[in-house]
1. Out of A:325, A:346, I need the residue that is in a loop (DSSP other than H, G, I, E, B) and either within 18 Å of the chain's Cα centre (by Cα) or crowded, with 24+ Cβ neighbours inside 10 Å (or both). Which one?
2. Can you name the residue in the range B:142-160 that is within 7 Å of chain A (Cβ to nearest Cβ) and in contact with a helix residue (DSSP H, G or I) (Cβ under 6 Å, 6 or more places away or on another chain) and is also surrounded by the fewest Cβ atoms within 10 Å (Cβ to Cβ) among such residues?
3. Got at least one residue in the range B:114-130 being farther than 30 Å from residue A:429 by Cα, surrounded by 14 or more Cβ atoms within 10 Å (Cβ to Cβ) and modelled with pLDDT of 90 or more?
4. Any residue at all in the range B:108-126 that's within 29 Å of residue A:219 (Cα to Cα) and not in a helix (DSSP H, G or I)?
5. Would you confirm, using the coordinates I've provided, whether residue A:412 is within 21 Å of the chain's Cα centre (by Cα), more than 7 Å from every other protein chain (Cβ to nearest Cβ) and under 19 Å from residue A:199 (Cα atoms)?
6. When only residues in the range A:2-46 that are assigned to a loop (DSSP other than H, G, I, E, B) and touching a residue at least 60 places away in the same chain (Cβ under 8 Å) count, which is surrounded by the most Cβ atoms within 10 Å (Cβ to Cβ)?
7. Look through A:456, A:441, A:477, A:418 and report the one residue that is farther than 30 Å from residue A:199 by Cα and either part of a loop (DSSP other than H, G, I, E, B) or within 27 Å of the chain's Cα centre (by Cα) (or both).
8. Yes or no: the range A:426-444 includes at least one residue that is on the phi > 0 side of the Ramachandran plot, within 13 Å of another protein chain (Cβ to nearest Cβ) and touching a helix residue (DSSP H, G or I) at 6+ places or on another chain (Cβ under 9 Å).
């Protein structure tokens with residue numbers, strides 16, 4: 001029961017007054033970010049990251065991870081009241097959440113969404129508490145070949161699991177890797193792909209890419225849809241909360257299924273968005289009355305929210321133990337660790353006990369604080385959304401520009417942010433996934449280093465990736481996931497004459 | 001970034017942008033490959049050279065974007081999905097152009113003054129706000145950012161002639 005002791009110690013770290021304050025600030029900012037279009041978990045954290053450079057890392061990660069939880073909660077508010085998903089993972093919440101609001105049951109829908117988010121996160125945190133130390137201990141045995149194999153697994157599972165065409169997933173991913181390689185080679189000191197431009201010496205910062213791709217790109221997309229916010233209003237009182245909780249008890253099976261889907265999709269880098277859709281689909285298929293889905297079924301709100309929050313939370317498990325983030329936001333947090341001078345990976349659990357367990361304890365507390373904050377402040381957030389987009393859009397552009405500038409105090413970064421914004425718009429429209437690109441940009445140097453170290457060990461022979469059962473099985477799994485779309489295609493071809501649409 | 005597909009309808013087909021993006025990715029991949037070859041893709045006495053890893057990245061990028069390119073060409077004649085409506089693209093450009101001007105203006109005016117103009121422009125042009133509300137918000141927001149960043153967090157942002165005149 002070493003974990004319990006460690007966790008108690010973590011609570012002692014997290015339960016100090018300044019840290020509780022950071023938690024509250026983080027949650028509030030997070031909900032705001034989740035509610036506003038154009039600002040999401042990933043770029044919200046990226047914009048605020050430079051402000052934490054001088055903070056104590058434990059307080060900084062508590063605040064930033066709370067922004068993440070807040071954003072997960074906030075996405076549900078716009079989905080239910082305005083039929084506008086504030087975040088991609090709350091798209092599935094609109095299917096039944098908005099019809100409920102139209103029927104005058106907005107308060108129930110919101111309570112369901114918040115409670116489900118909370119339940120999903122809680123299960124995922126418990127999973128992290130007990131699984132993370134084990135995984136970290138296991139990962140201590142990893143050499144460079146094993147690390148590269150795990151990274152390979154991460155990227156291959158993107159190809160295999162994405163709903164986007166595999167060629168486009170590979171394009172986005174390789175673009176991320178290539179951009180990560182720009183600048184000075186950390187091993188030989190040689191300059192790569194700078195083509196004589198001194199501004200390219202330090203390479204592309206992924207924070208700039210995240211702010212541009214998700215922030216500016218999202219503004220352009222929102223503008224295209226020509227948003228006019230017309231929404232329902234809602235007030236939540238205690239009676240409704242308890243009634244809804246009582247009603248939700250009968251849906252415990254939906255919760256368990258959604259938690260399982262969410263945790264799985266979060267640890268393997270499927271992410272919160274596919275998890276929410278998958279969970280919604282499962283809930284409908286398993287339901288006794290599938291026809292009521294899409295017309296305001298309470299399980300249709302609970303299922304995607306539980307899975308999204310479980311996935312979003314458990315995405316931190318591989319980030320902490322292996323240094324491999326399970327979602328773009330986790331990738332930004334990982335970048336933060338590196339900037340604060342902490343090396344993510346198994347050693348973190350030995351050398352930075354305060355940090356790790358403080359963070360894990362703050363996940364429990366942050367979600368409780370988050371649940372209370374959102375349940376009590378819904379009317380306020382709904383009011384914010386009534387501010388016309390013609391005011392919100394330029395303010396968000398200004399925030400993105402400031403965020404990009406503060407990373408290195410460089411105007412070139414602000415210009416690059418705009419370029420990434422246009423790239424993000426086109427990629428989104430043409431169905432190139434952004435998550436693998438960001439992950440490749442963050443992990444590029446690390447993946448390259450572990451690949452080169454492995455090659456050094458084996459004198460350039462790829463056989464090192466199946467030289468022992470451990471690395472062999474990870475690499476093998478990676479190959480299977482990579483070929484998954486092909487296997488599916490062959491199965492479809494053989495089972496019927498239907499043409500596979502690629 | 002303009003879509004010059006010779007379509008008459010109000011909808012811009014997906015194949016045009018699809019082809020251009022794939023082509024740009026291919027060009028980028030060629031750049032990666034050529035530069036990797038330049039720094040060396042083989043082995044030096046002390047291990048793999050700098051181009052060893054990026055070379056394969058460039059190769060994969062070229063193959064993947066090439067396959068998108070060819071596939072788009074192969075089904076060129078078939079009806080293509082819509083990329084966006086003309087009017088939608090117009091509103092995207094109506095945001096993108098001020099954004100570009102804004103970023104350029106920051107270099108000359110500093111972030112605060114440029115933000116004032118950006119917010120003011122949006123509120124007048126897209127929001128049809130009165131002068132009073134426009135002035136209040138477009139001055140107020142940069143002022144709040146100034147207090148938060150310069151005073152509270154002590155993070156200096158990019159300043160222009162106005163701030164210098166005022167002695168910051």
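The values are calculated or read from the model by the stated rules, or taken from the named source; none is laboratory data. Keep in mind it's a predicted model, so treat the numbers as computed, not measured. Cβ sites come from the backbone with ideal geometry, for glycine too, and all protein chains shown count toward neighbours.
1. Selected residue: A:325, the only one of A:325, A:346 that is in a loop (DSSP other than H, G, I, E, B) and either within 18 Å of the chain's Cα centre (by Cα) or crowded, with 24+ Cβ neighbours inside 10 Å (or both).
2. Once the filter is applied, the top-ranked residue is B:153.
3. Scanning the range B:114-130 turns up at least one residue that is farther than 30 Å from residue A:429 by Cα, surrounded by 14 or more Cβ atoms within 10 Å (Cβ to Cβ) and modelled with pLDDT of 90 or more.
4. Yes - at least one qualifying residue is present in the range B:108-126.
5. Taking the combined requirement at face value, the residue does not satisfy it.
6. A:39
7. The match here is A:477.
8. yes
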